[in-house]
Amino acid sequence: MSTSVTSSRGAGTADAAAGSGTPESPGTAPTTGGRAGRAGRPRRGHDLRGLAEKNALLVLLLGVVVFFSVLPASSERFATSENLAVILGTQATVALLALAVVLPLVSGYFDFSLGANAAASGVLAAGLMSKEDMSLAVACVVCLVFGSLVGLFNGVLVTRFGLNSFVTTLGVATLLGGLIQWYTGGQTILVGISPALVDFGSINVYGVPAVVYVVLLVALVLWYVLTHTPYGRSLYAIGANPRAAKLVGIRTERYVTASFVLAGAVAALVGILQLARTGSATADSGNSLLFPALAAAFLGATAVRPGFFNVVGTLIGVLFVSITVSGLTVASAAAWVSPVFNGAALLAAVGLSTYLGRARGRAS
Amino acid sequence: MSTSTSADLAVVVTGMTKSFGPTRALDGAGLTLRRGTVHALLGGNGSGKSTAIKVLAGVHPGDAGHLVVNGREADVAGWSAADAAEAGLRFVHQDLGLFEQLSIAENVALAAGYPTRVGRSVRWKELRAHVAELLERFEIDARPEQPVGSLRPAQRTMVAIARALQDRDDGEAVLVLDEPTATLPAHESEALLAAIRRRADLGQTVMMVSHRMQEVLAVADDFTVFLDGRSVAHLVGGTDAGAPTEAELVAHMTGRAFDGEAGRERVAVPQQAGEAALVVDDLHGGPLRGVSLSAWPGEIVGVAGLVGSGRSALLTTIFGVHRPSGGVLRVLGREQTGREDVKARMRQGVAYVSEDRVGESAFANLSLRENLSASVLRSFWGWRGMATTAERRSAEELVVSHAVKAGSVDHDFATLSGGNQQKAVVGRWLRRTPRLLLLDEPTQGVDVMSRVDIYATVRAAAADGCTVLVASSDFFELSTLCDRVVVLRDGVVDSELTGDELTPDHLTAATQSSVLTAGDAR
């Protein structure tokens with residue numbers, strides 16, 4: 001009895017404080033005016049912590065590079081331009097898919113179908129060229145349209161019909177995996193693929209694989225869209241509070257659907273680049289691409305703009321994972337080390353971003 | 001009246017006192033419930049009704065006072081929730097606490113515990129039999145396995161009542177209902193009140209809080225009226241001679257003899273020249289059942305009404321959040337088709353501040369700057385991208401002009417106090433220089449100083465020719481801020497107050513009572 005009295009007394013005072021209005025906290029800094037100026041902002045301690053938070057992943061990345069460069073087991077072969085070209089070339093598709101994953105995540109929606117979307121687009125491109133004798137350009141356009149339509153399908157289901165994005169896109173991914181099996185008959189498509197595409201996948205420009213430039217170009221566009229257009233800012237607003245976003249005139253359903261469509265188009269591009277790199281299209285579900293991409297996106301949300309999915313952070317995330325894995329490979333670590341490291345890095349990233357208290361990923 | 005030994009008195013409370021800090025919510029209030037009667041507890045906002053119920057329930061410990069429940073004497077100061085339960089007090093709150101997707105049987109069992117066998121498996125048959133008997137006893141026409149969500153609203157309330165009384169239906173239990181009909185449509189509340197009346201006739205003691213005067217008069221035997229934390233009237237009905245009139249009760253609630261003329265519908269006269277900025281005619285949709293009103297440039301028009309009267313729905317419908325199902329809506333001279341969404345109405349010059357700041361206004365994790373520019377994103381966009389420097393500068397200017405206390409415009413919005421958040425939200429909308437500003441509970445949970453700032457801002461906007469519509473449950477706010485106030489009841493405009501009539505007391509009377517409004521409610 002006495003305990004219940006004490007606990008309810010606490011509740012009573014809290015109620016009273018809320019009822020009488022929250023008085024201004026004396027601790028808040030004085031009003032910032034135009035005259036107070038940017039130089040005079042009292043935020044040094046805050047800034048230092050923020051700076052450390054923003055650049056932690058980048059520092060970690062540099063640390064890893066230094067570590068493998070001096071480690072006797074790997075120093076000889078790790079820090080070479082050949083190895084760098086290999087890393088960048090093999091990770092280009094993962095990086096691009098990670099950027100696609102980020103788009104719906106910004107406003108709080110998962111899209112697990114992007115890996116399967118990429119795989120299906122690659123198979124479709126190969127099939128169109130080898131079975132239907134389509135030209136490279138037409139095949140690419142058809143693929144991009146296909147990827148966008150898959151995104152549109154996801155977006156409409158998730159926004160208009162209010163289905164859970166997690167389950168919906170998982171279902172679409174499974175469905176696409178099945179369609180890939182049906183279309184290829186389980187066979188790898190080897191012949192009839194445009195030599196121009198395969199050449200593009202293997203050449204280096206200034207010592208860097210050509211596909212990397214495609215990734216950088218897309219990253220630049222997406223960075224601009226997400227940080228420098230009203231559309232991108234609206235997506236972040238939807239991620240922060242969808243109801244409030246609606247009430248400031250953001251057409252949330254349309255905007256979120258558009259982000260799914262854009263992500264689908266980027267995923268289709270991933271499929272085409274994958275085809276260019278390998279020169280063949282296998283009946284693969286695409287999940288082997290998706291998981292590292294998701295890991296990179298979540299790692300990226302701890303960097304540059306901590307707590308928010310962002311383009312630059314995602315690229316750093318991809319580099320961090322791939323360079324570490326490469327280092328481990330060069331140092332002849334056992335095969336199980338890479339997946340263990342990937343998993344651990346993802347858990348650490350999600351844990352960290354949750355700890356920062358601002359994880360965007362509304363698991364809806 | 002305070003002879004507490006009488007066997008036919010279920011509850012006697014005397015000298016109940018409770019302070020929250022410097023505010024005295026209850027100041028020696030008293031309450032006497034006769035066994036087997038329906039007792040109405042009445043009073044305006046802040047009169048201490050809710051506090052009294054919370055003290056009785058043991059949720060808030062009282063400061064002083066004496067109470068006798070079923071012959072058991074106790075000090076208010078030491079009264080706990082366990083004591084209240086043991087003494088036979090049973091509470092059903094406005095939020096019934098039912099799980100709509102679960103069956104009636106499960107809802108009952110979740111409160112009383114499932115009957116189990118060895119191994120903790122549920123004895124469903126026994127539970128169903130118990131619940132079937134309970135439904136029978138409380139005259140609820142439903143099966144135990146039916147989900148609560150499939151019941152009519154009045155039946156749901158009865159299930160909650162049956163659940164509360166399931167273990168203590170011996171005539172000793174005292175049922176306390178907090179605004180049981182507040183969210184129910186008229187015919188549902190009639191059904192519920194009839195059921196409550198039957199329980200009382202069978203010997204159940206009931207105390208109910210309600211704002212609907214006519215219902216209270218129809219169902220209650222006795223009345224206690226609270227004003228400023230004191231019980232100012234205790235009226236024992238039962239006989240025809242003793243039944244008070246509505247005007248009498250309202251007079252007690254407002255603390256003065258009531259002038260029958262006041263509160264009568266009147267047409268406001270000042271500053272209504274030229275074309276109206278807002279014309280609403282016979283607007284239907286959701287809780288709105290034919291609202292008609294007009295507002296002119298420069299006017300601040302208040303919207304009063306009880307919960308469920310359509311106060312908030314009127315604003316959201318005008319803003320385009322909900323589509324009206326019928327009626328005419330003309331905004332700033334333009335006839336609306338009804339299909340415009342929020343963005344379209346914003347373009348026409350309408351702005352809206354929701355009553356739910358945390359849920360519908362704040363982007364808590366975005367910066368103050370981003371929160372301020374959320375309504376005008378496009379204006380900062382050029383081919384070089386978002387003009388963040390200009391955005392920051394304008395945010396800093398807004399922070400000054402709206403007296404928002406913030407460390408930096410780049411800090412998270414969540415770090416601001418409630419009052420400053422609200423000032424920023426108002427600023428977010430006023431930077432668009434709207435021609436029609438809709439405010440829903442603009443100062444809810446806002447401290448006194450911020451409230452003054454917000455009033456000044458709103459008045460300044462009106463002085464510039466903006467039409468302002470303020471929905472509020474705070475009668476003091478409505479009477480100080482508004483030029484006139486329309487009172488909504490059941491989705492229609494019931495009356496309008498202007499000039500000398502525009503006082504908190506008149507507003508209390510107008511929202512609580514219906515005899516005071518002459519003629520047709522439109």
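The values are calculated or read from the model by the stated rules, or taken from the named source; none is laboratory data. On a predicted model such as this, the values are computed, not experimentally measured, just so you know. Please note: Cβ atoms are built from the backbone with ideal geometry, for glycine as well, and neighbour counts cover all protein chains shown. Remember, those area values only see protein heavy atoms, side chains included, never the ligands or the DNA or RNA. Shrake-Rupley method; radii C 1.70, N 1.55, O 1.52, S 1.80 Å.
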statement: Protection proxy (average C-beta count within 10 Å per residue), highest first, orders B:17-29, A:145-157 as A:145-157, B:17-29
message: Using a probe radius of 1.4 Å on heavy atoms only, what accessible surface per residue do you get for region A:90-239? Whole Å² is fine.
response: 40 Å²
query: When you look at the Cβ of every residue in B:402-408, what mean number of other chain Cβ atoms sits within 10 Å?
result: 5
message: Binning at 10 angstrom from zero up to the longest distance, how are the C-alpha pair distances of region A:309-349 distributed in percent?
response: 29, 52, 17, 2
message: If you average the C-alpha positions of region B:45-99 and of region B:402-418 separately, how far apart do those two centres end up, in angstrom?
response: 40 Å
- request: Arrange the residues B:Arg117, B:Arg484 by how much accessible surface each exposes, largest first, with a 1.4 angstrom probe.
  value: B:Arg117, B:Arg484
statement: Filtered hits (lysines, Cα-Cα < 17 Å from B:Lys343, offset >= 8 within chain) -> A:Lys246
task: Heads up, I need the accessible area for A:Arg277: 1.4 angstrom probe, whole protein in place, Å², nearest 10.
output: 90 Å²
- prompt: Rounded if a/c is under 1.5, else prolate if a/b is larger than b/c, else oblate: which is region A:215-364, with a ≥ b ≥ c the root eigenvalues of its Cα gyration tensor?
  reply: oblate
field: Summed residue charge, Cβ within 13 Å of B:Asp178's Cβ, Lys/Arg positive, Asp/Glu negative
entry: +1
message: Tell me the per residue accessible area of chain B using a 1.4 Å probe; a whole number in Å² is fine.
response: 40 Å²
- line: Relative contact order as a percentage, region A:182-298, C-alpha pairs under 8 Å and 6+ apart, gives 43 percent
message: Could you sort the peptides A:73-84, B:86-97 by per-residue average Cβ neighbour count (10 Å cutoff), highest mean leading?
response: B:86-97, A:73-84
- prompt: Can you give the average number of partner chain beta-carbon atoms within 10 Å of each beta-carbon in peptide B:363-376, as a whole number?
  reply: 5
Average accessible surface area per residue within region A:244-308, 1.4 Å rolling probe, Å²: 28 Å²
Ranking by accessible area, most exposed first, for A:Tyr236, A:Tyr255, A:Tyr183, B:Tyr114 with a 1.4 Å probe: B:Tyr114, A:Tyr183, A:Tyr255, A:Tyr236
query: Among B:Gly71, A:Ile203, B:Ile300, whose Cα sits farthest toward the positive end of the charge dipole of the protein assembly as shown (+1 at Cβ of Lys/Arg, -1 at Cβ of Asp/Glu, about the Cα centre)?
result: A:Ile203
query: How do B:329-341, A:263-275, B:451-463 rank on mean C-beta neighbours within 10 Å, highest first?
result: A:263-275, B:451-463, B:329-341
Residues B:Ala344 and A:Thr80, FRET efficiency given R0 of 56 Å [Cβ-Cβ distance, rounded to 0.05]: 0.40
- line: Dipole check, chain B, charges on Cβ (K,R +1; D,E -1), about Cα centroid: among B:Thr467, B:Val38, B:Thr511 the Cα furthest to the positive pole belongs to B:Thr467
query: Taking only C-alpha pairs under 8 Å that are 6+ residues apart, what is the relative contact order of region B:293-372 in percent?
result: 19 percent
- prompt: If one computes the Cα centroid of region B:437-457 and of region B:283-325, what distance in Å separates the two points?
  reply: 20 Å
query: How much accessible area does B:Lys54 have with a 1.4 Å probe, in Å² rounded to the nearest 10?
result: 80 Å²
Cα pair distances exceeding 23 angstrom across region B:284-414, given as percent: 47 percent
message: One quarter of the convex hull surface, Cα atoms only: what value does that give for the protein assembly as shown in nm²?
response: 45.6 nm²
task: With all protein chains present, calculate the accessible area of A:Thr174 using a 1.4 Å probe and round the result to the nearest 10 Å².
output: 100 Å²
query: Looking at region B:446-473, which residues lose a minimum of 40 Å² of accessible area between their chain alone and all protein chains in place, measuring with a 1.4 Å probe and not counting ligands or nucleic acids?
result: B:Asp447
task: Give the interface area between chains A and B as buried accessible surface, both sides summed, probe 1.4 Å, in Å² to the nearest 100.
output: 4400 Å²
query: Name the residues of region B:348-388 whose amide N is less than 20 Å from a point 7 angstrom out from the Cα of A:Arg254 along the C-beta direction?
result: B:348-352, B:374-382
- request: Output the relative contact order of chain B, whole-number percent, from Cα pairs under 8 angstrom with separation of 6+ residues.
  value: 15 percent
- request: Pop out the carbon and sulfur fraction of the accessible area of the protein assembly as shown as a percent, whole number, probe 1.4 Å.
  value: 59 percent
